[in-house]
Amino acid sequence: MTFALWLTFLCLALAASFSPGPGVLLAISTTMALGARRTVYSSAGNAVGVFLVSCVAVSGVGLMVQRSPLAFSVLKLAGAAYLAWLGVKQWRGAGKGAQAAVPNGQAVAHTDSRYAVFRRGLLVASSNPKAILFFSAVFPQFMPPGELDAHRFLLLSLTFVGCTFVSHLSYVLLAASAGARFLTGAGMVRLQRGTALLFIALAFALAR
C-alpha cells in the first residue's frame, strides 16, 4: 500500500470522524455529566465498536446487510431504539449526576461505572447499520481487487479507529472547556436535556 493511498484514506477517515453523529454527541454529553476523564472510557468503547463494525463490513454479514432490506431494517430499528433510550435516560437524569466541568472546579463523584460508560460507547458505535454500509463501500476501494489483505485491513481499520479517538478527544476538550467557563448548574441541566432531545431526534432520523 502506497503512502499516497493511505493518506487519501486518512483524509476520508478524518472527515467522517469529525462529522457530528451519535458517537460525538455521546462523548459531549458524557463529558458534561461525568467529566472528561470518565469520557475516555466511552471513547475507548466507541473505538472498539468501530473496529468491530469494520470487521463485520468485510465479512458476509456486511454483504447481507447491503443486499437484504429486512436485515438492514432490523438493525436500523434496533439502533434507533437504543439512541432513543439513551435520550430518554439522559432527559430523566439531567441534573442528578455530578458534573466535573462546573465553574467552581469542586471535586465531584461520578455516578456511572467505567464499565457502564465503556459499554455505552461500544453499543452506540456498533448499533448503527449505516456504519456497516460505509465501511462496505469504502474498504473495497483500498483493497487489492478480489482478495482480502489482512495487513492492509488492519492498517485501514486502526487508522480509522485512531481518527475516531482523536475526534472524540477534541470534542471532549471543547465541551469540558465550555462547561468550566460558561455553564452554571441550571445551564448544565438545559444542555443535558438539549443533548437528550438530539439523541431522540437522531433516533427518528435513523429510523426514517
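The values are calculated or read from the model by the stated rules, or taken from the named source; none is laboratory data. Note that the coordinates shown come from a computational prediction; the quantities given were computed from them, not determined experimentally. Methodologically, a virtual Cβ is constructed for each residue, glycine included, from the backbone with ideal geometry; neighbour enumeration extends over all protein chains shown. Keep in mind that these areas ignore ligands, DNA and RNA; they rest on the heavy atoms of the full protein, side chains included. Shrake-Rupley method; radii C 1.70, N 1.55, O 1.52, S 1.80 Å.
Sort the following peptides by mean Cβ neighbour count (other Cβ atoms within 10 Å, averaged over residues), highest first: 77-89, 44-56.
44-56, 77-89
Working out 0.36 nm times the residue gap between Phe204 and Arg37, then minus their Cα-Cα distance, what length gain in nm do you get to one decimal?
57.1 nm
Leu148 to Val74: extension gain in nm, 0.36 nm per residue of separation minus the Cα-Cα distance? List each step's numbers first, then the result.
Details: separation 74, 0.36 × 74 = 26.64 nm, distance 2.76 nm.
Net length gain for the segment: 23.9 nm.
Hey, what's segment 1-80 come to in accessible area per residue, 1.4 Å probe, Å²? Let's see the in-between values first.
Details: 3720 Å² over 80 residues.
Result: 47 Å² per residue.
Please report the net charge: other residues with Cβ closer than 12 Å to the Cβ of Thr39, K and R +1, D and E -1.
Values: positive: Arg37, Arg38, Arg114, Arg120; negative: Asp112.
Counting the neighbours of Thr39, the net charge comes to +3.
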